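The values are calculated or read from the model by the stated rules, or taken from the named source; none is laboratory data. All values derive from a computational prediction rather than experimental measurement. All Cβ positions, glycine included, derive from the backbone under ideal geometry; neighbour counts span all protein chains shown.
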Amino acid sequence: MDRKKKIEHAYIEEARRASSIFPAGTLVAHERPDFLLQSPDGRIIGIELTELCREEPRATAGRLVKIPERAREKYNQRPGSEPVDVSIAFWREEDISVNELTTSLADFVYAHKHQRGLAPRRELPKGFCAIGIFESKSRRPEGYWHSNRAFDVVPARKELIDASIAEKSYRVPAYKLAAPETWLLIVNDHFLGPGEVRTNPDDLASWEFKSDFDKVLLFLRWPGGAGEVVELTQM
């Protein structure tokens, strides 16, 4: 089982621990749908997974996440560099390439390697709103460089859930070839970070959704592997 499948498998097992709606049985990795749940009495349920989030902020975070590490490597390759801890925050970096952000960060830290604390904002390279350089206190001999993951959490709109269902619903006929009963499990991760949305229980109780699945379940996933599973009302 590859890494993605292992993560998805863990999501379903967490949801099963959180709710008795899932029957006992063996969870088997599949392709269409993602998993088959085979109960001892011969019942087979196909389970397809999707995540509820805002794609754009999540993609942006994924684009930026490796910049501190890559910049640190560039910095440490230069003569006379010394271990420092670096903390950064991005700002208006959308139109700047990852390579440019990486190089400008390494250049800035190298030019200010003997300074400590937050650098004046007016001196920062484009794409950054904060760069702090500090004595290295980490166990890493090369220093610890990291970015602050600033993000906002917004309420989940019905349209976002509708889109998550619609993205998978057209595949239901193919899923039925593997399992006569098919469920959609939507994972709403409450510690996702950038792109995170929060669902309101009162909203969920009042909304109806169009779907070709036999069940549509929303897994409100909380830190530590706990959570709550809500069955959405279908038209």
Selection from the range 27-61 of residues within 30 Å of residue 127 (Cα to Cα), of a type in the set (Gly, Ala, Ser) and either modelled with pLDDT of 75 or more or touching a Lys or Arg at 6+ places or on another chain (Cβ under 7 Å) (or both) yields 61
*So residue 106, is it within 15 Å of residue 144 (Cα to Cα), at pLDDT 95 or above and either small (Gly, Ala, Ser) or in the same structural domain as residue 133 (by TED's automatic domain parsing) (or both)*: yes
Of the listed residues (89, 111), the one being of a type in the set (A, V, I, L, M) and either over 30 Å from the mean Cα position of the chain (by Cα) or buried (at least 18 other Cβ atoms within 10 Å of the Cβ) (or both) is 111
message: Can you find a residue that is surrounded by fewer than 16 Cβ atoms within 10 Å (Cβ to Cβ) and assigned to a helix (DSSP H, G or I) anywhere in the range 129-149?
response: no
May I ask you to verify whether residue 162 is charged (D, E, K, R) and without any contact (Cβ under 8 Å) to a residue 24 or more places away in the chain? no
Practice prompt. Could you please let me know if residue 78 is assigned by TED's automatic domain parsing to the domain that holds residue 190, of a type outside the set (Ser, Thr, Tyr), surrounded by 11 or more Cβ atoms within 10 Å (Cβ to Cβ) and touching a residue at least 24 places away in the same chain (Cβ under 8 Å)?
Written response: no
Residues of the range 92-108 being within 15 Å of residue 124 (Cβ to Cβ) and surrounded by fewer than 17 Cβ atoms within 10 Å (Cβ to Cβ), in sequence order, are 92, 96, 100, 103, 107
